[in-house]
Each structure stands twice: as C-alpha cells, then as structure tokens.
There are 2 protein chains.
Amino acid sequence: MGNLTHHHHHHPVDPEKFQAELKDKLNSLGYRYTPQRQQIVGLFLSEEGHLTAKEVTEHVQQQSASIDQATIYRSLEFFYKIGVLSCSQMGGQTVYEIAHSVPHHHLVCTNCDTVMPLDDHHFDDLVAHLWQDHQFRAELTHLTISGLCGHCAN
Amino acid sequence: MGNLTHHHHHHPVDPEKFQAELKDKLNSLGYRYTPQRQQIVGLFLSEEGHLTAKEVTEHVQQQSASIDQATIYRSLEFFYKIGVLSCSQMGGQTVYEIAHSVPHHHLVCTNCDTVMPLDDHHFDDLVAHLWQDHQFRAELTHLTISGLCGHCAN
DNA sequence: CTCCTTATTGCAAATAGTTGCAATAATAAC
DNA sequence: GTTATTATTGCAACTATTTGCAATAAGGAG
C-alpha cells in the first residue's frame, strides 16, 4: 500500500494552547490528560495529515520508551469518540487526523493515492433528500470517495 | 455488536443457474470453481443479506469439515474483485453480500442497526459535480451512511 | 501537601486477518 | 481416460487489533 499523501489547507493551531484547552475539556468531562495522550495528540499536531494506528505507534514509541500499543489503540478510539480526532477508512486502512471544526470528506485517487478534501456542504442536498423522502437523519461522518483524480483520469 | 438486519427487495435468483453460470465465467477467465468457492457462494445465495467473514467461516465450517479461514478470506476478496460479491464497511465491520446488478448503497441506523438500501442514482448529482468542479472521476462503490431511521429519530 | 477515588495504563492472552510455501486438485489439451 | 499445467488450498507463522485485569497515577477534596 502506497503512502497516503495529503493536500490540505491547514488551520493554523497553537499546539500549546490546543493542548491546554484539551486538558481542560477532558478534565471537565471527568477524563484525564495523561502523558501518553499528550504525546499522541502532540504527534497529530506536529505531523500533517492522516496517520494509521501503526504509524502513531512507531512515532510515539520512538520518542518515549514504551507506550503500549493497547494504549494507543484505546487513545485513538477515545479521541475519536470525543471528537478530537476524526477517523476514516482509506484503502482498507483506518486513518486518523485532527478533527477540523469544519467537517469534510475525502476524495482518494485509486491510482496515485492523492487525498483531497471535499467540503461537507456538497452533501447538503443528499442529506435533505434522505430526510424528506426516506425519513432518514443522516449523520455524515468522514466519507471516503474513491476514484481517479484529474491527473490520473487521462 | 448487534445483528445486522437487512431489509431488501430480493432479486429472485435460481441458485443452480447462478452457480453454473458463475463456473463458466470463472473458467473463461482462467479461474477455477472449487468446492470451497461453491460452498461460499451457496451460502450467500441461501442466506439473505450481509455476512461478515466470521459468519461465513462459521456457517461454512459447520457444513463442511475444515475449510481454512485463509481460504475464506481469500475467496471473499476474490469474489469481491471479480464483482460477484460487494463489500462495505458497516459499524467497523467488513460485510459482504451478493453484488446486485444495480449498484446501491446503505443507510444504517446507528440506533436499531436496521440496514436500508439506497439507490445509486441519488449520487448522480454529486458525481457530476465532482467531475465538473473538481475534475474527479468518482467510482462510488458501496457507501455506508450512518444516521437515524425514521423510527428512531423520534 | 496528602489522601482518596477511579480513569487509565501495561501486560499478557485472545481474537482478527494476512502471507509464504509446499501439496493438492481443477481445467484444458491430448 | 490420462497427463500436464498452474490456480487454489491448507497449514503454520505472522501481523493487526481487542480485551480482562491488576497496578498505577491523574485530579479533586480536604
């Protein structure tokens, strides 16, 4: 499986501030901001783009001695559930990234593996339709749409 | 994880005929229709709806002595690649079903786990838009859209 | 600063899914 | 039917992910 490149306009974020606010948020919810969790979030703040659980494990274990893989899997799941990370399926792999305030989806080229963001509003019509004609309240999380990018379509 | 129920209008298929035609198709492509593959396809023809690899393994190994799990995983992948089975992600699980001639997607209620089919044509506008404004040739395989069904939305 | 509660971790074992390879058996050709 | 070819299988080992549980330590209260 090829590298998952990533072409994103990056919301500038102050890591210090982000982490401080995150700690407050977790504490107010009764959760704890452990060094392990700090490192994992720190990694996502420093590395641009999507990371698999395996990649997180490698990076994190390189820095700090031994954070167990179970901790990493549990942390990714945890941050996903509380909305700090987003999670999507890409080429059979589960990838995580910092959850932007503006939800977005991904276009993945099956030929060159380029990942392009796709704004959420493109699904507004579909969501409205599902609600009106199917009585279904769609909760669109990060969809991954495969296909060929303009470059590879030729 | 709860049972994945399934509410589908079923294309009536004659299993005998289906299997015979499948054998010819595979042979003409240089593949072989082994007893293992026959059993797996037979299961999908008899069981309505989606099955996970684990469910397939259980059913198949119950009937016939010992078909290895590797064979099952490889067969599911194989049938998916040649278009006999379709594959989609549902609640973190990979599920397979007989690929209908008319592509469709799934609406999954996050509350009661009901699965509803959603016709492919609902994405025509989106696909056209992606092509015109993003130069992206979307290949929509089976999308799974989570949300609340009309029943649970109240 | 110390103590208490309990969320979280690390460990180890279990469950999922994948892969290399020699043995097997489905086809096609004769 | 027999034989040759090679796709496919079973096995076993491996990687990926999950889970139970006792030990640890974060954060609130005093």
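The values are calculated or read from the model by the stated rules, or taken from the named source; none is laboratory data. The shown structure was predicted, so the numbers you read here are calculated from the model rather than taken from an experiment. Cβ coordinates were reconstructed from backbone atoms using ideal geometry, including for glycine residues, and neighbour counts include every protein chain displayed. We work out accessible area using only protein heavy atoms, side chains counted, and drop any ligands, DNA or RNA first. Shrake-Rupley method; radii C 1.70, N 1.55, O 1.52, S 1.80 Å.
Things to note:
- Remark: label point of A:K23 defined 7 Å out from Cα along the Cα-Cβ vector; separations to the same position in other copies 7.0 nm, ascending.
- Among A:G49, A:S66, A:F78 the positive-end extreme of the charge dipole of segment A:43-154 (Cβ point charges): A:S66
- On segment A:104-147, 42 percent of the accessible area sits on carbon and sulfur atoms, based on a 1.4 Å probe.
- Across segment B:46-92, the convex hull enclosing all Cα atoms gives 87 Å³ per residue.
- GluC sites (Glu not before Pro) within segment A:57-154: DSSP coil, no more than 12 neighbouring Cβ in 10 Å: A:E139
- Label 7 Å beyond Cα on the Cβ vector: A:P35 copy-to-copy distances, nm: 5.9
- Distance between the C-alpha centres of segment A:61-101 and segment B:35-77: 32 Å, rounded to the whole angstrom.
- For the pair B:L29 and A:Q36, label points projected 7 Å from Cα toward Cβ lie 4.5 nm apart.
- With the convex hull of the Cα atoms taken as the outline of chain B, the averaged projected area works out to 11.2 nm².
- Copy-to-copy label separations for A:D120, where each label sits 7 Å from Cα toward Cβ, in nm and ascending: 2.9
- Axis-nearest residue in chain A [Cβ, rotation onto B], distance in whole Å: A:Q89, 3
- Both chains summed, the buried accessible area for A and B stands near 2000 Å², from protein heavy atoms and a 1.4 Å probe.
- The mean accessible area for residues of chain A, using a 1.4 Å probe and ignoring ligands and nucleic acids, is 57 Å² per residue.
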